[in-house]
Each structure stands twice: as C-alpha cells, then as structure tokens.
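Each remark here refers to the structure printed beneath this line.
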Ligand SMILES: [Zn+2]
C-alpha cells in the first residue's frame, strides 16, 4: 500500500478478473489547488469546478486522446461558464465565470439553470472535433455525465465525483463489450452494489489500493497503468498576439493611447501579456516591410 502523498495527482486504471468492467480512480491535489487559486471562487462554484476537472481526466483516459478533451457547462444561471481541459500530455486547466453572490450550499440546478454540458474531443490532425451535448437535468456533474454515456455511447457507466479544499477525487466504472448479456448485467449489478457504499471521505482520503480493496475485496481487481497529471496552461504570447490582431488596429491603438500598452491576462493561469507601441505596430505591419526595415538597420 502506498501512502496518500505518493498517489496525489494520479489516475489509476483497473479491471476485474471476473467481470467485463473497467475502472478508473483519480485524486488531484496540486493540480486542484493551482486551478482553484487562480480566482476567488465561491465554495459551491469551486466544488463543481473540481468535480469537472476530475471528470475530464477520467474521460480523457477512456479515449485514445491525441489532442485535448474539453468539458464545458454554459447556462443562463448565475454560473455562466465552467470549462476544463485535459490534454494528451496529461495536463489540466480550468475556470469558471459567475455573477452575483452564490450561496455556499447552492445546488447545480440553481447555479447552472437551464444549462448544458458539452464534451469536445479535438484530435490532432482531425479537422472536425467530436462533440456531445447533454442538458443538465441531474443535480450532479456525475449524473449529467452518466446520462450522456447512456444516451450517446450506450455504455453503462457509473461516476462518483467529490471535492474538498485539498482534493478533487473521482471513481468510474464502465462496462466493456461482453458476449453474454446475462453475465454482463449480473456483473454490472454486483459491482455497482459493492461500490454503492463509497463515501465522500473514502474517495478523497484513501489511496487507490486501499479504496479498491475496501470496496471490491470479494473480487480480483487488477491494477493497470497509472497516469500522473499536472496543471499546465497552453496560453502563449503568440496566441495573445493573434487575439490583439482580431481586435483590429483601431481598437488596439485606442487602448495604446489610453494606457500606453495593451495588456491581456490569461483567464486560466493569470499570466499577463503586455504589448507596447512597438509590439503592436509589429503585429499590424506587413511582414515584408519589417524585413526590409531590419535590413536598413544593419
Ligand atoms: Zn494561461
């Protein structure tokens, strides 16, 4: 058995010897702390953000990802946007936008009233991303995702997600294709019955080996690969430059006149990118002109 610290920010895949079911367990600590520290999130919003972060990593592991997987909730409610991203480099980032005061015990239906959860998978080299949408009719992120899997993938999937100040944790069980429909139903019922005792504290505090033994000690569980995850942002000065170009020269010049520079901050990692007059002029000049200018300087 490993102690908690060595398992922090790990995803553990596992299978059962006697059932066509696969599983994944995740605990995020450092990554979760970093995402949460970017803004002063109300506790109820932070809680959903953490669950979504753990969920994105669980889902990314179920597809052969070479690119990025994004989970996005949009709503007319007080939380207008929740977005998390997991890349095939096993990095995570996420943010939430909200208005007004949000009660500590606000539920998902209130925060994301009339909202939808969109799953996007962008594979490198594939033009059209995969997109799946489910309306948030359940009162939990896990419930919404289970509905999504039942409708679009036709795969029985159970997901448990919990967060506290230190940890975002998740557990997932998913059916694998099996020839015998009676056996698969029976296996699924048995494993779900065993996992139904899972508590929030167990998910957030126990390491994978201890938890799986506690839930499934009557089964033979085989641990497969472990994935380490970390926070990383994919923003760059070049991407911000592209955003300023989209803004247009007139708008950029206005900001320059007012502030002396154009500054944009990345909403995911709070990195501030500053462009002065010379930088902005460079963005809007013809590359050929820059070349001939630099020649005359030499
Ligand atoms: Zn960033």
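Only one entry in 177, 181 is assigned by the TED database to the domain that holds residue 156 and either within 16 Å of the ligand (Cβ to nearest atom) or without any contact (Cβ under 8 Å) to a residue 60 or more places away in the chain (or both), namely 181. Taking every residue in region 42-60 that is outside the structural domain of residue 112 (by the TED database) and pairing it with any residue that is outside any helix (DSSP H, G or I), at least 6 positions away or on another chain, yields no pair with a Cβ-Cβ distance below 8 Å. Candidates 128, 123: the one that is in the same structural domain as residue 42 (by the TED database), surrounded by fewer than 18 Cβ atoms within 10 Å (Cβ to Cβ) and touching a strand residue (DSSP E or B) at 6+ places or on another chain (Cβ under 9 Å) is 123. Here the helices (runs of 4 or more DSSP H) wholly within region 1-109 that include at least 1 residues being away from the ligand (no atom under 16 Å from the Cβ), crowded, with 24+ Cβ neighbours inside 10 Å and at pLDDT 95 or above are 30-37, 43-60.
The criterion of being under 30 Å from residue 33 (Cα atoms) and under 24 Å from the mean Cα position of the chain (by Cα) holds for residue 199. How many residues does region 177-194 hold that are in contact with a helix residue (DSSP H, G or I) (Cβ under 9 Å, 6 or more places away or on another chain) and within 25 Å of residue 207 (Cα to Cα)? Total satisfying the criteria: 2.
The values are calculated or read from the model by the stated rules, or taken from the named source; none is laboratory data. Keep in mind it's a predicted model, so treat the numbers as computed, not measured. Please note: Cβ atoms are built from the backbone with ideal geometry, for glycine as well, and neighbour counts cover all protein chains shown.
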